[in-house]
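What follows is a single structure, written as structure tokens, with notes after it.
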Amino acid sequence: MSESLDLTQAFESLRAEAETPWLGQAFLPPREFGLMTGPYSILVMGEDGSGKTALEIQLKAYAAQKETPRLLIASWRPQLSTEAASSDQVAEAFMSQAMDSLSFAFLQTLVRDPVIYSSAPSWARDFLLWFVQRYLQDDREYHLSRLAERATSDGLETVKRLLSETPRSLFPQSAPASVLSHLTEAVKALGFQGIWIFVDGLDSLFRISPDRLEQFVINLLSTLEYFEDPAFVFKVIVSRDLGLSLQKARGVLTRRFKTYHIKWQEEELIRLTERRAALLLKRDVSLTQLCKDDAWFQWLKKYAGDSPRGWLDLTRPILASYLEKGKSLSKTEWLDVYRQSPPLLRLDLETGHVFIGYGKVDVSAIGYKLLAYLYENRHRSCTKSELYYRALRELAKEPRIKEDAGWEDFSSWEGIMDTALWRLRLAVEWNKCEDANPLYIVSERGRGQIHLENTW
Amino acid sequence: MKLHWGILNSIQVSVFSHVSMWIFSVMEKFWLNHFGFRFDPFEHLEASADSNLNRYLIGYETFSIAWMESPALLFSPPGGGKTALRIYTARACWTGAGGYQPFPIHYHLPHYFQKGNFSTLEEHLEQIVHSSVHALFLAFAYYPLIFLKAPPTLQKQLAQFIFTWIPNIDYYLEVLRDGQPDRIAAQLDRSYQLHQTPDPSLLSLLCETLEKYLAEQPSPISLSIQKIFERLTKWITQDLGFRAVYLLLDGVDGFPELARSPGFAAESLVNLFANAPTWTEERIFLKGFLPLEIRTHLQARLEKQWPAFGQVELKWDEAMLADLIRRRVYAATDGEFASLSAVSALPSVQDLELELARAVYPLPREALVLVKQILFEYEKRWGENSNSEKRIQVEDIEKALAWYRTDQAPIIEELASIARG
């Protein structure tokens, strides 16, 4: 870990890939983490910001630091063909790509600890020689140069032999399952407990080509022979959307894969945030200590949602101010900070959900109509009249004069509109004091116009 | 539980120092010790990996169909117990130390359906012969006397036959020299694992004898695949003294193309099953452990032969699932008790197993999934407070049930959808 971890590193980037050096110390395992480290294939799904990448990094770290018995781990990032893949094409991709990664992972272990190979039974050495020669792709010299960085001299010699000796012709046309079962027995003979394959990069492929990726993964997860060997397991961590679409794969239905949903309880999110704050401050800290006003903690709980990202993101400005001042913030101070960096308002117009920051906000049906209209037109101001006719009455066009279709007398709807807007503000604005300036639904005084601020 | 994370004391601390205690508390299965279990009877959701399967299989009616000397079709939905029944049947064949029992051959459809065209009898026989050779080699490995007692001429024929079909036999003989046939079975086909070891001196003699034959010049064999199949089964049933050959077909829904299209799966199998009744005279009995979805498709294609097959559908009700859990508890506690109620804080009048059976989709694997989750919840709670009573609490069960009803809902819906056809 860097000893001078700063706020940006700890609370701003929020990308686990960039936090690897110290993530282990800030990491709070999901409650089923222990099960996920078990010798079985897993399919873990979580929403954005739920900590999927952190989980994967920590699972890999767990596997890598496990010494007795050790695990052989490799990451496989599938490269899809341009066409939809049948199961034999998936098998071909899996064998050529994942076995390449595994071969290299095996050599990485060997350069550091060649004795495991030299002391293994001859049949296991024969198989692994064949396996590496059969599946390791690309230039051997390039691999050697990469491996040399962390090699012992014996290790490098062993690996050089593995890359140059002629193997016995063991399995010229073996089916994938046969190769996997032979491989696991061979590595077990070297003292490994088993093999873990992390299937990486699925979410980014899913965003680019959802149908093709879904078919590819479903075909992979429906080919049951890959999952029969308890020593060869897959660890798959994906977004909730992709994960749900994979539930129909036979491997999932027949429980070859254990499925987990990353979910966080409020107390876990508090602990997780406090742990990271402590790492930054180099001393234990409670979130309630950051501010003297209890309301700030209620505010955090309301808008941080149920993901680690939400909690860390919303805590950041308060923590920054706390660091700057060197003491707990007063009510005025935290409200100032909050106004300077308010959580943004977002509407999911498909589902009809309203979010502030990462928390869902309940809005009445009438309020939602107004808010949705304002949100769709959030780059401009709207008059009350426009809001009444277009949003509430849902007219295609705002009537301007008596003769226009749908026109109503101003006095008949002004009160309705004012009440609706007042109720909407009550639902949306945190500070409900009469004299507090609204953060989201802003009236332009003297112009009778309204617009949204602080939106996505 | 208070997590002991020492970041302030040492920046070099292991990345897992603060979670290791928790992980181990989950992974160590303290409940085994707390409840007096000798092993975890809920561990294996996949039957072929379960060495204790024979101690708690239920459903003797279905087993009797699998065991009787006639071709048979045993249908079930995914997770319905097909593989468990197949493995149980195969292991039953070896009860009594070999000989005079049926000889089991596992047959899984091959991975590659070359452009969807895998359906002729010859193609099936090619694969069956391949698996038969594995079965024979492993039978000799587990029970060397079967081979060693055979006359030298037969030994030589069998050895050369094995060498022809397992060209890298010297590799497997090296593995066998380690003394663990399970290790070879794990590589060739895990279904053959019998979880036992033969007498080392007999195994050594077997290896020497086979190596002796391997050094000899092989006699060329040029026979059709049908003839090879006939010769192979004749060796088994007549020369080696097994009373029958049981061909155990499974894994038909193991590939997405077959799982998605029951009609295609049935088409791939029809020529194999059409021949099955004619094999009974040679005491070869084909047993299909098949997904329920293909039954109507297969029946439509096998109208004439259909009555020749003994048939059964593996159906599960609450009482059977409750019994499944109880038997596992009974086996794992060496008969000390047969219900999780004995280690729970529930009122004794409550039939816990029946309650759990009612809560799950009616398949054995689903019942096991729920029980495992209850044990996880127990372990987790106990890990957080190791002074708490070592009994399953109502909250453990409620949490597991909530997990099953919410997180597992998509899987349950999909299973129900398959059942509806």
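The values are calculated or read from the model by the stated rules, or taken from the named source; none is laboratory data. This is a predicted model, so every value here is computed, not measured. Please note: Cβ atoms are built from the backbone with ideal geometry, for glycine as well, and neighbour counts cover all protein chains shown. Just the protein is used for accessible areas: all its heavy atoms, side chains included, with ligands, DNA and RNA removed. Shrake-Rupley method; radii C 1.70, N 1.55, O 1.52, S 1.80 Å.
Could you tell me whether any residue of region A:325-347 is touching a Pro at 6+ places or on another chain (Cβ under 7 Å), more than 14 Å from every other protein chain (Cβ to nearest Cβ), assigned to a loop (DSSP other than H, G, I, E, B) and polar (S, T, N, Q)?
So far as region A:325-347 goes, yes, one or more of its residues are touching a Pro at 6+ places or on another chain (Cβ under 7 Å), more than 14 Å from every other protein chain (Cβ to nearest Cβ), assigned to a loop (DSSP other than H, G, I, E, B) and polar (S, T, N, Q).
Exactly one of these conditions fails for A:Glu17: (1) in the same structural domain as A:Ile197 (by TED's automatic domain parsing); (2) open to solvent by 30 Å² or more (accessible area, probe 1.4 Å). Give me its number.
Exception for A:Glu17: condition (1).
Residues that are within 14 Å of another protein chain (Cβ to nearest Cβ) and more than 18 Å from B:Phe39 (Cβ to Cβ): find the helices (runs of 4 or more DSSP H) completely inside region B:302-394 holding 1 or more of those.
Working: elements: B:318-332, B:352-359, B:364-384.
The qualifying helices (runs of 4 or more DSSP H) are B:364-384.
Only helices (runs of 4 or more DSSP H) wholly contained in region A:91-205 count here; list those with 1 or more residues that are away from every other protein chain (no Cβ under 14 Å).
Ranges flagged: A:99-112, A:115-118, A:122-135, A:140-148, A:153-164.
Before we move on, is B:Ala186 part of a helix (DSSP H, G or I), under 29 Å from A:Met95 (Cβ atoms) and either in contact with a helix residue (DSSP H, G or I) (Cβ under 6 Å, 6 or more places away or on another chain) or among the basic types (Lys, Arg) (or both)?
In short, yes.
Quickly run through region A:247-288 and pick out the residues that are more than 10 Å from every other protein chain (Cβ to nearest Cβ), among the hydroxyl-bearing types (Ser, Thr, Tyr) and under 20 Å from the mean Cα position of the chain (by Cα).
Within region A:247-288, A:Thr273 is the sole residue that qualifies.
For the structure I just gave you, tell me whether A:Asp306 is away from every other protein chain (no Cβ under 11 Å), open to solvent by 20 Å² or more (accessible area, probe 1.4 Å) and part of a loop (DSSP other than H, G, I, E, B).
yes
I'd like the residue in region B:136-179 that is away from chain A (no Cβ under 14 Å) and without any contact (Cβ under 8 Å) to a residue 12 or more places away in the chain and, out of all such residues, is surrounded by the most Cβ atoms within 10 Å (Cβ to Cβ).
B:Lys149
Of everything in region A:283-299, what is loosely packed, with under 13 Cβ neighbours inside 10 Å and assigned to a loop (DSSP other than H, G, I, E, B)? Give them in sequence order.
Step one: of region A:283-299, the residues loosely packed, with under 13 Cβ neighbours inside 10 Å are A:283-284, A:286, A:294, A:298.
Scanning region A:283-299 gives A:Arg283, A:Asp284, A:Ser286, A:Asp294.
Looking at (1) open to solvent by less than 10 Å² (accessible area, probe 1.4 Å); (2) in contact (Cβ under 8 Å) with a residue 40 or more places away in the chain; (3) under 23 Å from the mean Cα position of the chain (by Cα), which one does B:Gln311 not meet, given that it meets all the others?
Going through the list (1) open to solvent by less than 10 Å² (accessible area, probe 1.4 Å); (2) in contact (Cβ under 8 Å) with a residue 40 or more places away in the chain; (3) under 23 Å from the mean Cα position of the chain (by Cα), B:Gln311 breaks only (1).
So B:Gln350 ticks every box in (1) open to solvent by 60 Å² or more (accessible area, probe 1.4 Å); (2) at pLDDT 95 or above but one. Which box is left unticked?
(2)
Please pick out the residue among B:Ser76, B:Ser20 that is within 13 Å of another protein chain (Cβ to nearest Cβ), at pLDDT 75 or above and either out of contact with any helix residue (DSSP H, G or I) (no Cβ under 7 Å at 6 or more places or on another chain) or farther than 30 Å from B:Ser344 by Cβ (or both).
Details: B:Ser20 fails: at pLDDT 75 or above.
Going through B:Ser76, B:Ser20 in turn, the sole match is B:Ser76.
Check whether at least one residue in region B:250-268 is open to solvent by 70 Å² or more (accessible area, probe 1.4 Å), of a type outside the set (D, E, K, R) and out of contact with any Gly (no Cβ under 9 Å at 6 or more places or on another chain), and report yes or no. Working first, answer last.
Our first condition is that a residue be open to solvent by 70 Å² or more (accessible area, probe 1.4 Å); within region B:250-268, this holds for B:260, B:267.
Still in the list and also of a type outside the set (D, E, K, R): none.
Among the residues of region B:250-268, not one is open to solvent by 70 Å² or more (accessible area, probe 1.4 Å), of a type outside the set (D, E, K, R) and out of contact with any Gly (no Cβ under 9 Å at 6 or more places or on another chain), which makes the answer no.
Among the residues of region B:72-91, are any over 25 Å from B:Asp317 (Cα atoms) and either outside any helix (DSSP H, G or I) or assigned by TED's automatic domain parsing to the domain that holds B:Val329 (or both)?
Within region B:72-91, not a single residue is over 25 Å from B:Asp317 (Cα atoms) and either outside any helix (DSSP H, G or I) or assigned by TED's automatic domain parsing to the domain that holds B:Val329 (or both).
Just to verify a result, which residue in region A:222-245, among those that are closer than 23 Å to A:Gln58 by Cβ and more than 17 Å from the chain's Cα centre (by Cα), is most open to solvent (accessible area, probe 1.4 Å)?
Per the criteria, the residue is A:Pro230.
Residues being among the polar types (S, T, N, Q), closer than 20 Å to A:Ser341 by Cα and open to solvent by 70 Å² or more (accessible area, probe 1.4 Å): count how many of those fall in region A:401-450.
1
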